[in-house]
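Derivation of every value follows stated rules applied to the coordinates shown; laboratory data play no part. Here the structure is a predicted model, which is why all the values come from computation and not from measurement. Ideal geometry is used to build each Cβ from the backbone, glycine not excepted, and the neighbour counts take in all protein chains shown.
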Amino acid sequence: MTTTAYITHPSCLQHAMGSDHPECPERLTAIGDQLIASGLDIHVAHHEAPAATDEQIARVHSPSYIESILRAVPERGLNYLDPDTALNPHSVDAARHAVGAVIKAVDMVCGGEFQNAFCAVRPPGHHAESARAMGFCVFNSVAVGAAHALAAHGLSRVAIVDFDVHHGNGTEQIFSDDARVLMVSTFQYPLYPYSGIDNPAPNMVNVPLAAGSGGDELREAVLDRWIPALDAHRPELILISAGFDAHREDPLAGLAFTERDYAWVTRELMQVAARHAQGRIVSSLEGGYALSALGRSVVAHMRELVTG
C-alpha cells in the first residue's frame, strides 16, 4: 500500500510575482524534477487539490479579509498587498488550491486512506494572519488545515511544526492561547518578520536560532524543546509548515541546515506521530528559494515519509 499522498494543482504554477521574485513557479518544477530523478515519484500517490471554499478559509481568516483579497485581484499585471506580496489575475485561484490541498490531505490522512501527505503548493501561508497578507503569503493553508481537522474530524489536539527559516507569525497569531493547538518552531532571529520571541502564549514553543546555526542547533532545539512539548500535548495529527529556506544554500537567510537535517527532523516527527497520532502527518510547502537545494531537501523529507 502506498503510504504517502502527493498533492498539488496546476494553478499553483500560474501565481507569479515578477521575473526576479524568489517565490517563483519554478520552485514547484524543481521539486517535481527532483522527485522523478530520485525515483521517489512512483512511490507516492498523486492527487490534484480541490479549491478551498470561503467557508473553509473563514475558519481562520475573517470574512472581511477574504472579501478584501478577492477585491484586490487585478485584471492584469500585479497588485501589491505588501512590499513582498503581490497578486496577479491567477493568484487567488492558486491560494485557494494551496489551502484545498491541505484540507484534502487532512481528510485523506484522518480518513485512513494514507498515512501521511505532502502538499507541493504555493503561495506559502504561514505569515498570513487572520486579517493580513504578508511575506509572500495570502491564506494560511496549514492553519486552515488544523482548524479543519478540529472542526470536521472531531480531533481535540493537533500540533503544528514549523521549521521554516522565518518565524510563522501568522500561525502563531491565529492560534495563540488555543489549547487544542500546539505550535513548535525554529527560525533564524533576528530575521523577517522579527517576531516570535516576545511573550509567546503557553501553546507556542518558539526556538530562535542565531545566524550560522546548523544541524547541531536544530537537534538541540528538537530534542530539548519540541519533543517534550509534543509528548505532553499528545497530538492526534501533526501538520508541518515545511519551509526549506534554512538550507545552507538558500539566498534569503543565514542558517546552515542540509538535506540530512531535514531527513532527521522528519524521522523524529514520525516517531512522535507514531506514539500519539496513529502516524498521521500532513506536510505543506512553505519557503525554500535555492531551487536545487529545495528539490533535494523536499526529496529527503518525503523519502522519510514514504519509507518510514
### Query
Non-local amide H neighbours of Val121 (under 5 Å, H modeled in plane, Pro and chain starts lacking H): which ones?
Leu285
### Query
Among Phe136, Cys119, Gly215, whose Cα lies farthest out toward the positive end of the dipole of the chain, if unit charges sit on the beta carbon of Lys, Arg (+1) and Asp, Glu (-1)?
Cys119
### Query
Hey, what did the range 4-307 get for relative contact order, percent, Cα under 8 Å, at least 6 apart?
20
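Per residue, what volume in Å³ does the convex hull of the Cα atoms of the range 182-242 enclose? Don't skip to the answer; put the middle values down first.
Values: hull volume 5.7 nm³, N = 61.
Taking the convex hull of the Cα positions in the range 182-242, it is 93 Å³ per residue.
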### Query
Can you give the calculated 222 nm mean residue ellipticity of the chain, where each DSSP H run of n ≥ 4 adds -39,500 (n - 2.57) and the sum is split over every residue, rounded to the nearest 500 deg cm²/dmol?
-11000 deg cm²/dmol
### Message
Please give the Cα centre distance for the range 66-89 versus the range 233-256, rounded to the nearest Å.
### Response
27
### Task
Hey, could you get me the Stokes-Einstein D for the range 61-148, Kirkwood radius over alpha-carbon pairs, 10 °C and 1.306 mPa s, rounded to whole µm² s⁻¹?
118
## Note on the structure
In terms of the charge dipole of the chain, which places +1 on Lys and Arg and -1 on Asp and Glu at the beta carbon, the residue among Pro63, Ala152, Val205 farthest towards the positive end is Ala152
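In a shell of Cβ-Cβ distance under 15 Å around Gly145, excluding Gly145 itself, what net charge do Lys and Arg (+1) and Asp and Glu (-1) give? Please list the in-between numbers first.
Numbers: positive: Arg59, Arg96, Lys104, Arg157, Arg180, Arg280; negative: Glu55, Asp107, Asp162, Asp178, Glu236, Glu286.
Cβ neighbours under 15 Å give a net charge of 0.
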### Query
Given the C-alpha centroids of the range 113-144 and the range 290-308, what is the distance between them in whole angstrom?
19
### Query
Using every alpha carbon pair in the chain, what percent of pairs falls into each 20 Å bin from 0 up to the bin containing the largest distance?
38, 60, 2
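Mind sorting Arg96, Arg132 by how few other Cβ atoms lie within 10 Å of their own Cβ, fewest first?
Working: Arg96 23, Arg132 18.
Ascending Cβ contact count within 10 Å gives the list Arg132, Arg96.
Of all DSSP beta bridges in the range 4-307, what percent run antiparallel (nearest 5)? Intermediate values should be presented prior to the final figure.
Working: 5 of 38 bridges.
Of those bridges, close to 15 percent are antiparallel.
Let me have the relative contact order for the range 11-82, percent, based on Cα pairs under 8 Å that are six or more residues apart. Walk me through the intermediate numbers first.
Values: 21 pairs, mean separation 11.6, N = 72.
Relative CO of the range 11-82 lands at 16 percent.
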### Unit charges at the beta carbon, dipole of the range 4-307: most positive-side option, Pro74, Ser185, Thr266
Thr266
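Indicate the helices, whole DSSP H runs only, in the chain that combine a mean Kyte-Doolittle hydropathy of -1.0 or more with a Cα extent along their long axis of 18 angstrom or more.
Values: long enough: 91-110 (29 Å, 0.96); 259-276 (26 Å, -0.78); 291-307 (24 Å, 0.65).
Correct list, ordered by number: 91-110, 259-276, 291-307.
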### Summary
Amide H neighbours of Ile240 at under 5 Å, excluding residues fewer than 5 places away on the same chain, with H built from the backbone geometry, are Val161, Val282, Ser283, Ser284
### Summary
Two pseudo-spin positions, 7 Å from Cα along C-beta at Ser130 and at Ala232, lie apart in nanometres by 2.5
### Task
Rounded, prolate or oblate: pick one for the range 18-79, where a ≥ b ≥ c are the square roots of the eigenvalues of its C-alpha gyration tensor, a/c under 1.5 means rounded, and failing that, prolate if a/b is larger than b/c, else oblate.
oblate
### Message
Give the separation of the Cα centroids, the range 1-25 to the range 93-109, in Å.
### Response
12
